[in-house]
1. Using a cut-off of 11 Å between beta-carbons, work out the net charge of the residues near Q112 (Lys and Arg +1, Asp and Glu -1, Q112 not included).
2. Report R151's accessible area, 1.4 Å probe, all protein chains in place, as a number in Å² to the nearest 10.
3. At 222 nm, what value in deg cm²/dmol follows for the chain if DSSP H runs of at least 4 each add -39500 (n - 2.57) and the sum is divided by all its residues, to the nearest 500?
4. Defining a contact as two alpha carbons under 8 Å apart and six or more residues distant in sequence, what relative contact order in percent does the chain show?
5. Taking 4 °C and 1.567 mPa s as the conditions, I'd like the Stokes-Einstein D for segment 1-66 in µm²/s, using the Kirkwood hydrodynamic radius from alpha carbon pairs.
6. Calculate the length of the line joining the C-alpha centroid of segment 109-146 to that of segment 37-71, in whole Å.
7. Can you list residues from other chains, or at least 5 along the same chain, whose modelled amide H is less than 5 Å from the amide H of S114?
8. Where does the chain land on Rg(C-alpha)/(2.2 N^0.38 Å)?
Amino acid sequence: MEQGQAGEFEEFVAARWSALLHLARLLVGGDRHRAEDLAQESLVKLWFVWPTVSQDAPEAYVRKVMARAAARSGRRRWWGERPVERLPEGAVTGDVSADVAERSRLEAALAQLSPSQRAAVVLRYYQDLPEGQVAEVLGCPVGTARSHASRGVARLRQILTDASEPTR
């Protein structure tokens, strides 16, 4: 890759890193470490095709790579965690704003969706992509993407409603 193209790549990463990391975090169900790995792996793949993709739509390419990789990793049952005898000390929490609490609640609910439903909901409603682009990113027909998004939203409503109802 030429020096100028490498600079363009660095500018793209610097400008879009936080948005890509947030998208990755939503796609993996809120796990920050897995999200960082997903974002970095996707950017490595972008690096190799940067000369051909940079003028078209690099963010769309990264989004597609991230959604597909998140769906693949969601099918894996084990990510390398090991049980320990003692839990680490918990962080001291201060006053948490309502926005942070609501975001955490939504991320926890998203984590309960299947990987394909989670990807469809995040791409359709968080990224505000049209159904055709969601289907293209997920590599499935439009009807399937629409079905994943619809079922995902219905499941989110159920999860969030169940969580907010007081137990008696």
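The values are calculated or read from the model by the stated rules, or taken from the named source; none is laboratory data. All values derive from a computational prediction rather than experimental measurement. All Cβ positions, glycine included, derive from the backbone under ideal geometry; neighbour counts span all protein chains shown. Each accessible area value is taken on the protein alone, full model and side chains, heavy atoms only, with ligands, DNA and RNA left out. Shrake-Rupley method; radii C 1.70, N 1.55, O 1.52, S 1.80 Å.
1. Neighbourhood net charge equals 0.
2. That residue has around 150 Å² of solvent-accessible surface.
3. On the way: 7 runs with 117 residues, N = 168.
Only helices count here, giving -23500 deg cm²/dmol.
4. Relative CO of the chain lands at 22 percent.
5. Working: Rh = 11.9 Å.
The calculation lands on 109 µm²/s.
6. Segment 109-146 and segment 37-71 have Cα centres spaced 17 Å from each other.
7. Here nothing satisfies the definition.
8. On the way: Rg = 18.0 Å, N = 168, 2.2 N^0.38 = 15.4 Å.
With N residues counted in the chain, Rg over 2.2 N^0.38 Å equals 1.17.
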